[in-house]
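Heads up: the structure comes next, in structure tokens.
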Amino acid sequence: MTTTIDAHTAEEFRAATERAAVYPDDSGILLLTGEDARDLLNRLSTNLIDPEAPAGEVAVTVLTSDRGRIVDLVYVIHCGDHQVVLTSPGQQQNVTDFLDKYTIMEDLEVEDITEKTSLLRLTGPDAAELLGRVSDDGILVVEPPTDPDESERMPTRYLLADDPEDAARIAADLEAAGAASISAATAETLRIAQARPAHGSEMSDTYNPLEAGLIGAIDFHKGCYIGQEVIARLDTYHKVQKYLVSLSFDADPAQAGTLPGSRLVNDEGAAMGLVTSATVVPSAGDASIIGLGYVRTAAVQVGGALRVVAEEGNGDGDTGVTARITAQPLLFGGEKPGPGR
């Protein structure tokens, strides 16, 4: 079933996916100083944070608990004598507490600079070309790691500015060059369409990085880190119980808000998974619903269909809606090859 939605929202989404969009990003921003910053991050997180890497390197890594569960997915920007760390929205204090917990004698200072820094996200097929046409004076341009195939189709840049006027100026220049300014609602739809897991829905201490499709942010050939034994064992013995998948729903868009938290079951009624996010994909005419969710490993098959059962307290039993698995996303690509491969 489909219905008509607001034409302006449809145009925002079309511009973001066919041209480019620039919009405020509410990620947390931490400033790390001290000689041991990169070495400590390397010892605490899943990916290689090379202390000898040149300034300008951007690494993506996952902080995990001793049970191998996700604390947060972070981007580490090497700025020479300091590091800038982008956290999930609202997670900067949790990341700070995690770092403090494991800082003993290391030379490390952590400062939350979220409120002092303006952060924009620029994304879309024309993003890189448009950025090359404007002045980025006063702007730190960050190209985050992503799935290599996706980065070619939908290049993304973070734009950081200490001066809000610099951020406003580059946003205006990018819009003049052809980028669209989009609403927070459209940005959330874009996130789900790009299969980017969000903290609180697809990322939390309920899930591990392998389940969340973050294997490309794990280096299985580096030294130990918090949670390393658990994650290595899950991978080696193929014990991952569920995976993040992209979903489409045969439901009226008016039902989108009721889907997160719903259970996914097979034809026999056996529990197969959970819907974590859902959104309306806008178009100039009709619209449809897509989402993200976790599905048991045995049931992960692109094209496979599952029934949606309402969350307790949000209806009664089978909703009559079918969810179809459209992809098993790997945000940063698959497992990285080992040394010499």
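The values are calculated or read from the model by the stated rules, or taken from the named source; none is laboratory data. The structure displayed is predicted, hence computed values, not measured ones. Here the Cβ is made from the backbone with ideal geometry for all residues, glycine too, and neighbour counts use every protein chain on show. The area values use the complete protein model at the heavy-atom level, side chains included, leaving out ligands, DNA and RNA. Shrake-Rupley method; radii C 1.70, N 1.55, O 1.52, S 1.80 Å.
Counting only protein heavy atoms and using a 1.4 Å probe, what share of the accessible area of segment 26-111 belongs to carbon plus sulfur, as a whole percent? Of all accessible area on segment 26-111, carbon and sulfur atoms account for 46 percent. Take the chain with all the other protein chains still there, run a 1.4 Å probe, and you get 46 Å² of accessible area per residue. I need the Debye-formula profile for segment 72-180: one equal scatterer per C-alpha, no solvent, reported as log10 I(q)/I(0) at q = 0.11, 0.14 1/Å, two decimals. Relative scattering, expressed as log10 I(q)/I(0), comes to -0.42, -0.65.
Within the listed set R233, R43, R196, the Gaussian network model of the chain (springs between alpha-carbon atoms below 10 Å) gives the highest mean-square fluctuation for R233.
Shape analysis of segment 133-284 places it in the oblate category; the axes a ≥ b ≥ c from the Cα gyration tensor give an a/c of at least 1.5, with a/b not above b/c. Here segment 173-289 has 50 percent of its accessible surface on carbon and sulfur atoms, given a 1.4 Å probe and all protein chains in place. Using θ = phi - 60° in the Karplus curve 6.51 cos²θ - 1.76 cosθ + 1.60, the 3J(HN,Hα) couplings for segment 237-249 round to 9, 6, 9, 5, 7, 7, 9, 6, 9, 8, 10, 10, 10 Hz; x is entered for Gly and Pro. The residue list L40, Q194, S262 was ranked by how far each Cα lies along the charge dipole of the chain toward its positive end, using unit charges on Cβ atoms, and S262 comes out on top. Of all the options A271, A298, A323, the one that moves most in a Gaussian network model of the chain with Cα springs shorter than 10 angstrom is A298. Starting from the Cα gyration tensor of segment 23-117, take the square roots of the eigenvalues, sort them a ≥ b ≥ c, and report rounded, prolate or oblate (rounded when a/c is under 1.5, otherwise prolate if a/b is larger than b/c, else oblate). Since a/c stays below 1.5, the shape of segment 23-117 is classed as rounded. From the alpha carbon centroid of segment 15-67 to that of segment 124-147 is 17 Å. The radius of gyration of the Cα set in the chain, together with its Dmax, comes out at 20.6, 61 angstrom.
Pairs of Cα atoms nearer than 8 Å and 6+ residues apart set the relative contact order; for segment 195-312 it is 27 percent. Each Lys or Arg adds one and each Asp or Glu takes one away; over the other residues whose Cβ falls under 15 Å from the Cβ of R324, this sums to -1. Of V141, V85, the residue with the largest accessible area leads and the full order is V141, V85 (1.4 Å probe). Here is the link list: K239/K336; K222/K242; K101/K242; K101/K222. Which ones come out longer than 27 Å on Cα distance? Pairs exceeding the cut-off: K101/K242.
Look at where the Cα atoms of segment 157-185 and of segment 212-264 average out, and the two centres are 32 Å apart.
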